[in-house]
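Accompanying notes for the structure given below.
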Amino acid sequence: MNVGRLESVLHELTTNRESRKSYREDAAAYFNARGISESEREAICNGDVSKLFRAGVSPLLIMGLWVDTLRRPLNAYVRALEAGADQTEVRNG
């Protein structure tokens, strides 16, 4: 996984309404235009907190994906992060 590319895409999705709209209308085209691999797409679309976190993606960007883009509850994100990530791995930002 390319952490820089993933973080760029997650930042775009969480801060840009038009990007979220493009993603929701045609996720494949959205990801193709940004060079996102199939495994990266799956992690994003499935909201795979553990996979993204362990790849080195910022927990705050993952949270933005979870809440803003995937429209899932924040408390569920926290549970997913706790279940899938060793708290000693949290990187300093």
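When Leu60, Leu74 are compared by accessible area of protein heavy atoms, the largest-first order is Leu60, Leu74, using a 1.4 Å probe. When a 1.4 Å probe is rolled over the protein heavy atoms, the share of accessible surface on the chain that falls to carbon and sulfur comes to 48 percent.
Extension gain, Arg72 to Ser39: 0.36 nm times the residue separation minus the Cα-Cα distance gives 9.8 nm.
Taking 0.36 nm per residue of sequence separation and removing the Cα-Cα distance, the Asp26/His11 pair yields an extension gain of 3.6 nm. In terms of overall dimensions, the C-alpha atoms belonging to region 36-77 reach 27, 17, 13 Å along their principal axes, ordered largest to smallest.
Computed from phi, the 3J(HN,Hα) profile of region 5-18 under the Karplus parametrisation 6.51, -1.76, 1.60 (θ = phi - 60°) reads 5, 4, 5, 4, 5, 5, 4, 4, 5, 8, 10, 10, 4, 5 Hz, with x in place of Gly and Pro. Remark on Gly56: its backbone amide H falls under 5 Å from none of the residues 5 or more positions apart or on other chains, H modelled at 1.01 Å from N.
Using Cα pairs under 8 angstrom and six or more residues apart, how large is the relative contact order of the chain, in percent?
On the way: 78 pairs, mean separation 28.1, N = 93.
Reported relative contact order: 30 percent.
Here the convex hull built on the C-alpha positions of the chain has a volume of 84 cubic angstrom per residue.
Heavy atoms of the protein chains alone define the surface here; on that basis region 1-63 has 51 Å² accessible area per residue at 1.4 Å probe size.
The values are calculated or read from the model by the stated rules, or taken from the named source; none is laboratory data. Please read these numbers as outputs of a predicted model, since none were measured by experiment. Note: accessible area is taken over every heavy atom of the protein model, side chains too, but ligands, DNA and RNA are not part of it. Shrake-Rupley method; radii C 1.70, N 1.55, O 1.52, S 1.80 Å.
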